[in-house]
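Bear in mind these aren't lab numbers, they're just calculated from the coordinates by the rules spelled out. Just so we're clear, the structure is a prediction, and the values are computed from it rather than from any experiment. Note that each Cβ is placed from the backbone with ideal geometry, even for glycine, and that neighbours are counted across all protein chains shown.
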Amino acid sequence: MSGVAFDVASNRSAFPALDQEVDGHPLVYLDNAATTQKPRAVLDALEGYYTSDNANVHRGIHELSRRATEAYESARSKVARWIGAEDPTEVVWTRGTTEAINLVAFAYGLDRLGEGDEILLSILEHHSNIIPWQLVAARTGARVRYIEIDDDGEWILEDLPELVGKRTRIVALNHVSNALGTINPVERVIGHVRMHAPGAVVLLDGAQAMAHMDVDVGELDVDFYAFSGHKACGPTGIGALWGRKAHLEAMAPYQGGGEMISVVERDRSTWAAVPHKFEAGTPNIAGAVGMGAAVDFVESIGKPAILAHERGVVGYAIERLEARFGDRIRIWGPRAIERRSGVVPFSLDFAHPHDIATILDSEGVAVRAGHHCAQLVMKRYGVPATARASFYLYNTTDDVDRLVDALGQVENFFG
Ligand code: PLP
């Protein structure tokens, strides 16, 4: 819910790290798909926690431990509301999306998959939504299958009848692609899976969605939803897995240690209730508190307003890049602006992506270059890497102009 009008200058001023120079140039930060910058409110929450409430949670019978526990659990409730979950105990804190997906792969998949069972992914996945399934498939005899993508970075849904069937046990897909920016038609796939593979569970990797789009796990009709705090203004090292209570209760613990037990005997033990069963050891308490502050911050602006702003900036970026470089630039991903998030991946025919990023860096413009942990996408398009500019709530059309000017330097050097 947005209470105030979208004001990019005020958004920008909330992020101290944006106010600096790199190599004598004011920083233009266009690597938001890798991680967003952190607003002052999140930095204050972290400092406030450590300066006045720091203690271990759920353990100490003293004031600071009570306060730390209250802050940790109220952040969990906030995150639950943020994703439309009614029950905060369905939210498991993790290190991020990667750990959340591994948790499902190992605590759900390993015990339930057998020879010939199928796990459906897409080739558009981040490695963190491929490798855990390959590991589990190798141990269980299950088979990993993939939805392919077309030239515009869209899933080829015509293949679904052949890909989804009686053997499908797990469907794990990204909500929004980090490599191409595609906002995937997850609702259509989930509808198909529910009809043709009713026994399958669906996990969505929301790493690139949470910062930009309203997410409601009930409306999406998923079984699991994974995301990272650091991609949505929160701290690194904190994220969450939302799972349906019945699944979480039926799953064995993922890791053993303190916090996750009920009674420990010499030869066997019993487990704490969910979500604590999956939170062995001292958790990232400060991270959770910072994540709660990030939720408040993002919600004070409102995700529909953020997405609308990003679309304006991305539309301007695509227009300017194509006008400036013509057929020497290839912009990857969906053509229609409403089909993509704030991600603009591109290749120039006169420079390698790593050289592009290095020269842009010397002009104070931070972009990512590489395979973006999506080597299957790179293979699909026959390129080793791309350059990627990714925009967020503090980026402006001036940032785009700086990007285009800096790419002019790349052209001067190599073109
Ligand atoms: N999935 C997607 C789509 C991502 O973009 C990323 C990170 O870039 C991840 C998963 C992994 O997130 P993390 O490294 O925060 O665990």
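Under a Cβ-only charge scheme (Lys and Arg +1, Asp and Glu -1), can you give me the dipole magnitude of the chain about the Cα centre, in debye to the nearest 20?
Its charge dipole is roughly 920 debye.
Rank 233, 121, 210 by how far each Cα sits towards the positive end of the charge dipole of the chain (+1 on Lys, Arg Cβ; -1 on Asp, Glu Cβ) and give me just the farthest.
Working it through, the farthest residue towards the positive pole turns out to be 121.
Give a residue-ordered list of calculated ³J(HN,Hα) values for region 213-219 (Karplus: 6.51 cos²θ - 1.76 cosθ + 1.60, θ = phi - 60°; whole Hz; x for Gly, Pro).
Values, residue by residue: 10, 5, 10, 10, 5, x, 4 Hz.
Which whole-number percentage describes the relative contact order of the chain, with Cα contacts under 8 Å and a sequence gap of 6 or more?
It rounds to 23 percent for the chain.
Quick check: the angle from helix 131-140's long axis to the longest principal axis of the chain, C-alpha only, nearest 10 degrees?
It is inclined by approximately 40 degrees.
What's the center-to-center distance, using Cα atoms, between region 274-336 and region 155-207 in Å?
After rounding, the separation between the Cα centres reads 21 Å.
Consider just the alpha-carbon atoms of region 173-264 and return their Rg together with their Dmax, both in angstrom.
Radius of gyration, then largest Cα-Cα span, for region 173-264: 15.3, 48 Å.
Helix 63-82 against the longest principal axis of the chain: what's the angle in degrees, Cα atoms only, rounded to the nearest 10?
The answer is roughly 60 degrees.
Can you tell me the 0 to 90 degree angle between the C-alpha axis of helix 285-301 and the longest principal axis of the chain, rounded to 10?
50
For labels at residue 47 and residue 115 in the simple 7 Å Cα→Cβ model, what's the distance in nm?
6.2
Starting from the Kirkwood Rh over alpha-carbon pairs, what translational D in µm² s⁻¹ does region 15-136 have by Stokes-Einstein at 4 °C and 1.567 mPa s?
70
How much length is gained on full extension from residue 216 to residue 246, taking 0.36 nm per residue of separation minus their Cα-Cα distance?
Going from the current span to full extension adds 9.0 nm.
Amide H neighbours of residue 154 under 5 Å, counting only residues 5+ apart in sequence or on other chains, H built in-plane at 1.01 Å?
none
With θ taken as phi - 60° and the coefficients 6.51, -1.76 and 1.60, list the Karplus ³J(HN,Hα) couplings across region 318-334 in order, rounded to whole Hz; mark glycine and proline as x.
Using θ = phi - 60°, the values come out as 5, 4, 5, 5, 6, 5, 6, 10, x, 7, 8, 10, 10, 9, 8, x, x Hz.
Add -39500 (n - 2.57) for each DSSP H run of 4 or more in the chain, then divide by its residues: what number comes out at 222 nm, to the nearest 500 deg cm²/dmol?
Details: 14 runs with 153 residues, N = 415.
Result for the chain, helices only: -11000 deg cm²/dmol.
State the Kirkwood hydrodynamic radius of region 264-341 in Å, one decimal place, computed from all pairs of distinct Cα atoms.
Roughly 17.4 Å, rounded to one decimal.
Once amide H atoms are placed 1.01 Å from N in the peptide plane, what residues at a sequence separation of 5 or more from residue 389, or on another chain, have their amide H within under 5 Å of its amide H?
When sequence neighbours closer than 5 places are left aside, the close amide H contacts are 344, 346.
Using 5 Å bins from zero, what percent of all Cα-Cα pairs in region 43-300 falls into each bin?
1, 6, 13, 17, 18, 16, 12, 8, 5, 3, 1, 0
Binning every alpha carbon pair distance of region 309-415 at 5 Å from zero, what are the percents per bin?
2, 13, 24, 27, 21, 11, 2
Provide the percentage of antiparallel DSSP beta bridges, counting only those with both residues in the chain; round to the nearest 5.
Of all bridge pairs located within the chain, approximately 60 percent are antiparallel.
With 18 Å as the cut-off, how large is the P(r) tail for region 20-79, expressed as percent of Cα-Cα pairs? Mind showing how you got there, number by number?
On the way: 972 of 1770 pairs.
Pairs farther apart than 18 Å: 55 percent.
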